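Have a look at the structure below before the remarks.
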Amino acid sequence: MTIKYELIKESSECKARLGKLHTPHGVIDTPIFMPVGTKATVKAMTPEELKDIGSQIILGNTYHLYLRPGHDLIKRAGGLHKFMNWDKPILTDSGGFQVFSLGDLRDITEKGVEFRSHIDGSKHFISPEKSIEIQNALGSDIAMAFDECPPYPADREYVKKSLERTTRWAKRCKDAHKNLNQSIFGIVQGGMYKDLREQSVKEITELDFPGYAVGGLSVGEPADIMYEVLDYTVPMLPKNKARYLMGVGSPDYLFEAVIRGIDMADCVLPTRIARNGTALTSHGRVVIKNAKYKDDFTSLDHECDCYTCRNYTRGYIRHLFKTNEILGLRLTTIHNLYFLLNLMENIREAIKDDRLLEYKEEFYKKYGYTK
């Protein structure tokens, strides 16, 4: 087992926990937010910039890297770390979520999923074995088991069959795994049904993965339903293994996930909204393209000490966006990622000091959350 979770402290006021995740490419402080590098790059960021803002681990996308440039090419380049010049930990997703998101362009069977490329319409097939083959070649520190992610809403019978297939596929992933410098995380499914989540946790944890993801959330369900599912699912997961909530990245989701015992989270949100001209700040979101910022010569966030906020004003960044200059989205991306990584650092400190709930209330009040 190349991945090991070390529990440092459990909160005295909620289910939050402080830990360290030991990987072949370094130790990660948890809870942690993971920037998404879909195509072997976190959009608009260099690896050096990612390190400067405190990134400890990033994600790569199996589906996209399989289609372009191809996992065989990346393997010949020395693996994903060398290919993209990133020497810290990498987690690769299984490709399952992207494949299942293709809708009419894919066909699910017990063997795997046949799909058409979103790029050129060509036919492809990914099975659990193929997903692991791709991830083995990419050489990430953490590979994800190939799972079926049901949509929301979905009827109980469909979700039950789906989670049972996910269990069978997880076993096949373990059998196919050949990279001794890489570990696989299992994925818990079960939709919004408590008994099915219990069934999935039991089946997946019996396979003894070094970490577990809670899948099938943040797929369109209301926030209170997601929190409810986490409330009864996370406590069933082993205490001595890492817990990963897939696809969440807004400040409120990160707080609520950590409070319920989640250690890892990822999302494209900070980079995506940055490219559209929206900044996350301590007093809420700022849409920098708005006319009111034309003559605003203050920083994006006066409480932030990122590179962008130390050196540039809202008025200047707005000018960059209005004139379609690339620097504008780069500066906003740097800020948004720093904002979330710094938030998680503050959350870790609050857990350490047993004041996470107090810090959450302070943050929510300032940010403008009503809950």
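The values are calculated or read from the model by the stated rules, or taken from the named source; none is laboratory data. Since the structure is predicted, the reported quantities are computational estimates derived from the model, not experimental observations. Positions of Cβ are backbone-derived with ideal geometry, glycine not excepted, and every protein chain shown enters the neighbour counts. Heavy atoms of the whole protein, side chains included, go into the accessibility calculation; ligands, DNA and RNA do not. Shrake-Rupley method; radii C 1.70, N 1.55, O 1.52, S 1.80 Å.
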(message) If I ignore ligands, DNA and RNA and count only protein heavy atoms, how much of L327 is accessible to a 1.4 Å probe, in Å² to the nearest 10?
(response) 60 Å²
(message) Using helices alone, I'd like the mean residue ellipticity at 222 nm for the chain: each DSSP H run of four-plus residues gives -39500 (n - 2.57), total over residue count, nearest 500.
(response) -12000 deg cm²/dmol
(message) Which one, G37, G121, G277, has the greatest fluctuation when you compute a Gaussian network model over the chain with C-alpha springs under 10 angstrom?
(response) G121
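Set the Förster distance to 25 Å, then compute FRET efficiency between K194 and K239 from the Cβ-Cβ distance, nearest 0.05.
0.75
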(request) Report the one residue of N85, G96, S55 whose Cα lies farthest in the direction of the positive end of the charge dipole of the chain (charges on C-beta: Lys and Arg +1, Asp and Glu -1; origin at the Cα centre). (result) N85
(message) Using the basic label-point model (7 angstrom from Cα toward the beta carbon), what is the I108 to T46 distance in nanometres?
(response) 4.3 nm
(request) Check every DSSP H run in the chain and write down those whose alpha carbon atoms cover 20 angstrom or more along the long axis and whose mean Kyte-Doolittle hydropathy is -1.0 or greater. (result) 326-352
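How high is the FRET efficiency from F125 to C14, r the C-beta distance, R0 56 Å, rounded to 0.05?
Numbers: r = 44 Å, r/R0 = 0.79.
Efficiency for this residue pair is about 0.80.
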(request) Taking only Cα atoms and a 10 Å spring cutoff, compute GNM fluctuations for the chain and point out the largest among L163, L50, L217. (result) L50
(request) Would you mind telling me which residue in D231, D353, D147 has the biggest mean-square fluctuation in a Gaussian network model of the chain, where springs connect alpha carbons within a distance under 10 angstrom? (result) D353
(message) I want to make sure I understand the PRE zone here: with the label point 7 angstrom from the Cα of N290 toward its beta carbon, which residues in the range 311-334 have backbone N atoms less than 14 Å away?
(response) 314-315, 318
(request) Please list D301, D72 in order of solvent-accessible area, largest first, computed with a 1.4 Å probe with all protein chains present. (result) D72, D301
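Could you tell me what percent of the accessible area of the chain is made up of carbon and sulfur, with a 1.4 Å probe and every protein chain present?
49 percent
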(request) Identify, among L65, C306, I204, the residue whose Cα sits farthest towards the positive end of the charge dipole of the chain, taking +1 on the Cβ of Lys and Arg and -1 on the Cβ of Asp and Glu, with the dipole about the Cα centre. (result) L65
(message) If the only charges are +1 at each Lys and Arg Cβ and -1 at each Asp and Glu Cβ, what is the size of the charge dipole of the range 232-300 around the Cα centre, to the nearest 20 debye?
(response) 140 debye
(message) Full-extension gain between D29 and R168, please, as 0.36 nm times their residue separation minus the C-alpha to C-alpha distance.
(response) 46.8 nm
(request) Using a 1.4 angstrom probe on the protein heavy atoms only, line up T370, T62 by accessible area, largest first. (result) T370, T62
(message) At 1.4 Å probe radius, can you tell me the per residue accessible area of the chain in Å²?
(response) 42 Å²
(message) Which three extents, in angstrom, do the Cα atoms of the range 79-234 have along their principal axes, listed largest first?
(response) 42, 36, 28
